[in-house]
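No value in this document is a laboratory result; all are computed from the given coordinates. Please read all numbers here as calculations on a predicted model, not as lab measurements. Neighbour counts are summed over all protein chains in view; Cβ atoms, including those assigned to glycine, are modelled from backbone coordinates with ideal geometry.
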Amino acid sequence: MESLGYLIATLAILVGTFFSVVGIIGLVRLPDVYSRMHATGKVSTFGVVLLTVAAVFVTPLAWSKALVLIALLILVGPVVSHAISSASYRLGIPMKQAVRDDLAGKRVKAPSPPIQPARVERAE
Amino acid sequence: MLAYLRLTLICWLIYLAITANLEVANLVVGLLIGLAIALILKPMSQALSLRRLPGALFNLAKYAIWLSIDIIRNGIRVARIVLDPKLPIRPGIIAIQAGMKSELGVALSAHAITVTPGEQVVEIGDDGVMYTHCLDAIASAEGAEEAQRKRRAMLESIFE
C-alpha cells in the first residue's frame with residue numbers, strides 16, 4: 001500500500017514538473033501577454049495541483065486540506081488570468097500575429113472613472 | 001434561517017477539512033467561526049433546496065469529471081504547440097454566445113472556458129457574449145458552439 005502511494009506520488013511529481021517546465025518555456029516563447037497567460041495558467045492547474053496530490057502521499061499533509069486547496073486553486077486560477085488579460089485589453093496592449101479579433105470595435109464597459117488607454121512601448 | 005444554517009454548515013465543514021482535526025474543542029471553534037461568517041455574509045435564501053441536493057451533487061461530480069478530461073486533453077494540445085519548434089499558433093479573440101440568462105451561469109461558463117488551457121475569456125459583453133482569446137482561434141471557433149451547448153446543459157442540470 002505504501003509503495004503504491006509512492007508510485008502515484010512519483011508519477012504526479014514527474015507529470016506536474018513536466019507541465020510546469022512546459023508552461024515556463026511557453027512563457028518565454030509565446031509572443032504577447034494573452035498567449036503567455038495560457039502558458040502560465042497551465043502551471044497553476046497541472047503543476048501545482050499534481051504536486052499537491054503528490055504531497056498528500058509522501059508528506060503528512062491531510063487529504064482533506066489538499067482537497068480544499070485544489071478546489072480553491074481551480075476556482076481562483078482562471079479568475080486571475082481573466083483579470084490580467086481583461087486589464088491588458090482595456091489598456092490597449094496589442095495582440096501579435098492575431099488571425100481574428102471579434103472584440104475589436106466593441107465598446108468595452110468602462111469602469112468608473114474611465115481609464116485612459118496607457119501608452120504601451122512595443123518591444124520589437 | 002435555513003439559509004444561515006446551511007452556510008454555517010458549509011463553513012464548518014470547510015474549516016474542519018482545512019484543520020483536519022476532530023477534537024471537541026476544534027469542532028466548537030469551527031462551529032463558532034462558521035456562525036460568525038454566516039452572520040456577517042447574510043446569505044440569500046434562494047439557494048439549492050435540500051431535496052434536490054443529491055441530484056445536484058451527482059451532476060456536479062459528472063461536470064467535474066468532464067471538465068478534468070477537457071483540461072487534460074487541452075493541456076496536452078497546448079504543450080505540443082509550445083514545444084513545437086515552429087510554434088504553430090493562430091491567436092485571436094472569438095465571440096462565444098453563452099446562451100444563459102443568469103449571471104452565475106455566464107460566470108461559470110467563462111470559468112470553465114478559462115480553466116482549460118488554450119482558451120481564456122478576456123471580456124464579457126452586455127448580452128452574455130464571451131470574448132474568448134484562443135491560442136488556435138480557427139480550430140477553437142469550429143468547436144466552440146458545440147462545446148458551449150454541452151457546457152450549458154451540464155450547468156443547467158446542476159442549478160435548475
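Search segment B:93-110 for residues being within 11 Å of chain A (Cβ to nearest Cβ) and among the small types (Gly, Ala, Ser), and hand back the single one that is farthest from the chain's Cα centre (by Cα).
Step by step, filter segment B:93-110, then rank; the result is B:Ala95.
Those residues that are without any contact (Cβ under 8 Å) to a residue 40 or more places away in the chain, within 16 Å of B:Arg152 (Cβ to Cβ) and acidic (Asp, Glu), I need them from segment B:53-111; list them, please.
If the condition is that a residue be without any contact (Cβ under 8 Å) to a residue 40 or more places away in the chain, within 16 Å of B:Arg152 (Cβ to Cβ) and acidic (Asp, Glu), then B:Glu103 is the only one that fits.
Could you go through segment B:81-92 and let me know if any residue there is closer than 30 Å to A:Lys106 by Cα, part of a loop (DSSP other than H, G, I, E, B), under 16 Å from the mean Cα position of the chain (by Cα) and within 14 Å of another protein chain (Cβ to nearest Cβ).
For segment B:81-92, residues closer than 30 Å to A:Lys106 by Cα, part of a loop (DSSP other than H, G, I, E, B), under 16 Å from the mean Cα position of the chain (by Cα) and within 14 Å of another protein chain (Cβ to nearest Cβ): absent.
B:Ile113 fails exactly one of the following numbered conditions: (1) under 20 Å from A:Gly77 (Cβ atoms); (2) of a type in the set (Val, Ile, Thr); (3) surrounded by fewer than 23 Cβ atoms within 10 Å (Cβ to Cβ); (4) within 13 Å of the chain's Cα centre (by Cα). What is the number of that condition?
(3)
Six or more apart or on different chains, Cβ atoms under 6 Å: show the pairs whose first residue is in segment B:15-29 and within 14 Å of chain A (Cβ to nearest Cβ) and under 20 Å from A:Leu72 (Cα atoms) and whose second is part of a loop (DSSP other than H, G, I, E, B) and of a type outside the set (Lys, Arg).
So the pair list comes out as B:Ala20/A:Ala62.
Count, please, the residues in segment A:16-31 that happen to be at the interface with chain B (Cβ under 10 Å from one of its Cβ atoms), surrounded by fewer than 18 Cβ atoms within 10 Å (Cβ to Cβ) and either touching a residue at least 24 places away in the same chain (Cβ under 8 Å) or basic (Lys, Arg) (or both).
So the answer is 2.
Would you confirm, using the coordinates I've provided, whether B:Gly125 is at the interface with chain A (Cβ under 9 Å from one of its Cβ atoms), farther than 20 Å from B:Leu60 by Cβ, surrounded by 19 or more Cβ atoms within 10 Å (Cβ to Cβ) and more than 17 Å from the chain's Cα centre (by Cα)?
no
So which residues in segment B:112-160 are in contact (Cβ under 8 Å) with a residue 24 or more places away in the chain and of a type in the set (S, T, N, Q)?
Matches in segment B:112-160: B:Thr116, B:Thr132, B:Ser140, B:Gln148, B:Ser157.
Consider segment A:41-66. How many of its residues are hydroxyl-bearing (Ser, Thr, Tyr) and more than 10 Å from chain B (Cβ to nearest Cβ)? Spell out how you get there, then give the answer.
Of segment A:41-66, the ones hydroxyl-bearing (Ser, Thr, Tyr) are A:44-45, A:52, A:59, A:64.
Pick out the ones that are also more than 10 Å from chain B (Cβ to nearest Cβ) and you get A:52, A:59.
Total satisfying the criteria: 2.
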